[in-house]
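Accompanying notes for the structure given below.
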Amino acid sequence: MKPQWPVNRTDAEWRKRLTPQQHAVMRRFGTEPAGSCALNHETRPGTFLCAGCDQPLFTATAKYESHTGWPSFYQPVAGSVGHKKHPVYGDLEVEVHCRQCGSHLGHVFPDGPPPTGQRYCINGVALHFVPA
Ligand code: FE
């Protein structure tokens, strides 16, 4: 079978790398409880990497407080994420995943702040923060 992503891991490898909560979110399309992740309150300069493959996904400059309980960004690092439209809601709810390892990250909604108007609503457990 042709590998689907630049970084492919077996489920056993994923379970070794990820915590059970990360696995449920990133490999099974789960959602962490709102307000549960400490990264909600992260305000230092730096970069948020994929917890599944270490690819840079978001910079701290694109982070903002959406008051949803999930880390929110107005844009990803160029080319780092893939988008999949919701089968019913279309552009109103788009699934977001890491383009390098395919892991589920969260969703993007068209109600974000300038300059993009996008709200990337991301599960904090899918991210590793590296301070600048
Ligand atoms: Fe990844």
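Every number in this text was worked out from the coordinates using simple rules, so none of it is lab data. Source: prediction; values computed, not measured. Here the Cβ is made from the backbone with ideal geometry for all residues, glycine too, and neighbour counts use every protein chain on show.
Apply the Karplus parameterisation 6.51 cos²θ - 1.76 cosθ + 1.60, with θ equal to phi minus 60°, to every residue of the stretch 58-74 and state each ³J(HN,Hα) to the nearest whole Hz, in sequence, with x for glycine and proline.
Coupling constants for the stretch 58-74: 9, 9, 4, 5, 8, 7, 8, 8, 9, 6, 9, x, 10, x, 10, 9, 8 Hz.
Output wanted: per-residue J couplings in Hz (rounded whole) for the stretch 35-40, from phi through Karplus 6.51 cos²θ - 1.76 cosθ + 1.60, θ = phi - 60°, x for Gly and Pro.
x, 8, 9, 4, 5, 3
Checking the cross-link filter: which aspartates and glutamates have an alpha carbon closer than 17 Å to that of Lys85, excluding same-chain neighbours under 8 positions apart?
Glu93, Glu95, Asp111
Could you tell me whether the stretch 23-66 comes out rounded, prolate or oblate from its Cα gyration tensor? Rule is a ≥ b ≥ c as square roots of the eigenvalues, rounded for a/c under 1.5, then prolate if a/b exceeds b/c, otherwise oblate. Show your work: numbers first, answer last.
Working: a/c = 2.54, a/b = 1.28, b/c = 1.99.
Oblate, because a/c is 1.5 or more while a/b does not exceed b/c.
Count the net charge of all other residues whose Cβ sits under 12 Å from the Cβ of Gly102, scoring Lys and Arg as +1 and Asp and Glu as -1.
On the way: positive: Arg9, Arg27, Lys84, Arg99; negative: Glu95.
Computed value for this residue: +3.
State the Cα centre-to-centre distance between the stretch 1-52 and the stretch 90-132 in whole Å.
Going from one Cα centre to the other spans 12 Å.
Pull out a ≥ b ≥ c, the square roots of the eigenvalues of the alpha-carbon gyration tensor of the stretch 36-120, then state rounded if a/c is under 1.5, prolate if not and a/b is larger than b/c, and oblate in the remaining case.
oblate
Placing unit charges on C-beta atoms (Lys and Arg positive, Asp and Glu negative, everything else neutral), compute the dipole magnitude of the stretch 33-131 about its Cα centre in debye, rounded to 20.
120 debye
Amide H neighbours of Phe58 under 5 Å, counting only residues 5+ apart in sequence or on other chains, H built in-plane at 1.01 Å?
Phe48, Val77
In terms of modelled amide H atoms, which long-range or inter-chain residues lie less than 5 Å from the amide H of Leu105?
Val96, His97, Cys98
Let a ≥ b ≥ c be the square roots of the eigenvalues of the Cα gyration tensor of the stretch 82-132; is it rounded (a/c under 1.5), or, if not, prolate (a/b larger than b/c) or oblate?
Oblate.
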